[in-house]
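Student: Here it is: the structure, laid out below.
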């Protein structure tokens, strides 16, 4: 597997927002979203073993880990599964941020491990690449489905997808709505969610508020 960077910060998004988290960013992505803010992860990185990743994680002495990228699930599957097994054996809380195009059913998660499935909206240019079968494998109350919205059309696409695949919050599904950074009026987006009586979590990227939005390793 190839590691782009590993660092301790706070989680900027998801149900763990604000909590100290070790970020393990892997190299490579199979998509090219228009709003991507981690393009440096496409190619930069060093080859490393799952055991060596665990050694680096242990040094930071925090029991919450986010596996991200790029796209973490395009790493060799056996190696990624081994890393999940090692983390599971030591009781780490783990979130796996995946771009919605990779079949999540091929990975076995342990207790305290969950997927954050980032379904790409039309303005990303990548919505046609979504593996919609993933929505059948999402575990209500555990996994989370994320939508990064750039305009009203994106939002309506998300609402249609929620209805079509019956992943409504009333059934326990955890939905996250994020604005594309600096591309959409936050108040307007919140009003859309409230008007639709959608019990979803509105979130902003906290790390871009605490630090310079272009700063790496945070």
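Student: Tally up the residues in the stretch 59-70 that are in contact with a helix residue (DSSP H, G or I) (Cβ under 8 Å, 6 or more places away or on another chain) and either surrounded by fewer than 16 Cβ atoms within 10 Å (Cβ to Cβ) or in a loop (DSSP other than H, G, I, E, B) (or both), please. Outline the logic, then answer.
Tutor: Of all residues in the stretch 59-70, those in contact with a helix residue (DSSP H, G or I) (Cβ under 8 Å, 6 or more places away or on another chain) come to 65, 67, 69-70.
If we keep only those that are either surrounded by fewer than 16 Cβ atoms within 10 Å (Cβ to Cβ) or in a loop (DSSP other than H, G, I, E, B) (or both) as well, we get 69-70.
Going through the stretch 59-70 one residue at a time, the tally reaches 2.
Student: When you go through (1) surrounded by 14 or more Cβ atoms within 10 Å (Cβ to Cβ); (2) over 16 Å from the mean Cα position of the chain (by Cα); (3) more than 26 Å from residue 124 (Cβ to Cβ) one by one for residue 46, which number turns out not to apply?
Tutor: (1)
Student: When you go through (1) touching a residue at least 24 places away in the same chain (Cβ under 8 Å); (2) within 16 Å of residue 11 (Cα to Cα); (3) more than 14 Å from the chain's Cα centre (by Cα); (4) surrounded by fewer than 17 Cβ atoms within 10 Å (Cβ to Cβ) one by one for residue 204, which number turns out not to apply?
Tutor: That leaves (3) as the condition not met.
Student: Right, another one. Look at residue 199 and say whether it is in a loop (DSSP other than H, G, I, E, B), without any contact (Cβ under 8 Å) to a residue 40 or more places away in the chain, exposed (fewer than 15 other Cβ atoms within 10 Å of the Cβ) and out of contact with any strand residue (DSSP E or B) (no Cβ under 9 Å at 6 or more places or on another chain). I'd like the intermediate steps shown before the answer.
Tutor: Details: in a loop (DSSP other than H, G, I, E, B): yes; without any contact (Cβ under 8 Å) to a residue 40 or more places away in the chain: yes; exposed (fewer than 15 other Cβ atoms within 10 Å of the Cβ): yes; out of contact with any strand residue (DSSP E or B) (no Cβ under 9 Å at 6 or more places or on another chain): no.
Spelling it out, it is not the case that residue 199 is in a loop (DSSP other than H, G, I, E, B), without any contact (Cβ under 8 Å) to a residue 40 or more places away in the chain, exposed (fewer than 15 other Cβ atoms within 10 Å of the Cβ) and out of contact with any strand residue (DSSP E or B) (no Cβ under 9 Å at 6 or more places or on another chain).
Student: While we're here: Which one of 123, 101, 105 is surrounded by 16 or more Cβ atoms within 10 Å (Cβ to Cβ), modelled with pLDDT of 95 or more, out of contact with any strand residue (DSSP E or B) (no Cβ under 6 Å at 6 or more places or on another chain) and assigned to a helix (DSSP H, G or I)?
Tutor: On the way: 101 fails: assigned to a helix (DSSP H, G or I); 105 fails: surrounded by 16 or more Cβ atoms within 10 Å (Cβ to Cβ).
Answer to the check: 123.
Here is a yes/no grid of residues against (1) surrounded by fewer than 17 Cβ atoms within 10 Å (Cβ to Cβ); (2) in a loop (DSSP other than H, G, I, E, B); (3) in contact (Cβ under 8 Å) with a residue 12 or more places away in the chain; (4) more than 15 Å from the chain's Cα centre (by Cα):
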| site | (1), (2), (3), (4) |
| --- | --- |
| 128 | yes, no, no, yes |
| 132 | yes, yes, yes, yes |
| 135 | no, no, yes, no |
| 142 | yes, yes, yes, no |
| 155 | no, no, yes, yes |
| 161 | no, no, yes, yes |
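Student: Give 82, 73, 86 a once-over and let me know the one that is touching a residue at least 12 places away in the same chain (Cβ under 8 Å), assigned to a helix (DSSP H, G or I) and within 16 Å of the chain's Cα centre (by Cα). Even if it seems obvious, please write down each step before you answer.
Tutor: Numbers: 82 fails: within 16 Å of the chain's Cα centre (by Cα); 86 fails: within 16 Å of the chain's Cα centre (by Cα).
One residue alone meets the criteria, 73.
Student: Are any residues in the stretch 40-58 touching a strand residue (DSSP E or B) at 6+ places or on another chain (Cβ under 8 Å) and outside any loop (DSSP other than H, G, I, E, B), and if so, which ones? Outline the logic, then answer.
Tutor: Pass one, the stretch 40-58, residues touching a strand residue (DSSP E or B) at 6+ places or on another chain (Cβ under 8 Å): 40-41, 44-48, 53, 56-57.
The answer is 40, 41, 46, 47, 53, 56, 57.
Student: Anything in the stretch 11-39 that is surrounded by fewer than 15 Cβ atoms within 10 Å (Cβ to Cβ) and part of a strand (DSSP E or B)? List them, or say none.
Tutor: 20
Student: Next question, about the same structure. Hey, any hits in the stretch 137-157 for a residue that's out of contact with any strand residue (DSSP E or B) (no Cβ under 8 Å at 6 or more places or on another chain), at pLDDT 95 or above and on the phi > 0 side of the Ramachandran plot?
Tutor: No, the stretch 137-157 has no match at all.
Student: In contact (Cβ under 8 Å) with a residue 40 or more places away in the chain, crowded, with 19+ Cβ neighbours inside 10 Å, in a strand (DSSP E or B) and in contact with a helix residue (DSSP H, G or I) (Cβ under 9 Å, 6 or more places away or on another chain): does that describe residue 148?
Tutor: On the way: in contact (Cβ under 8 Å) with a residue 40 or more places away in the chain: yes; crowded, with 19+ Cβ neighbours inside 10 Å: yes; in a strand (DSSP E or B): yes; in contact with a helix residue (DSSP H, G or I) (Cβ under 9 Å, 6 or more places away or on another chain): yes.
When the stated conditions are applied, residue 148 passes them.
The values are calculated or read from the model by the stated rules, or taken from the named source; none is laboratory data. In this text, all values refer to a predicted model and were calculated from it rather than measured experimentally. All Cβ positions, glycine included, derive from the backbone under ideal geometry; neighbour counts span all protein chains shown.
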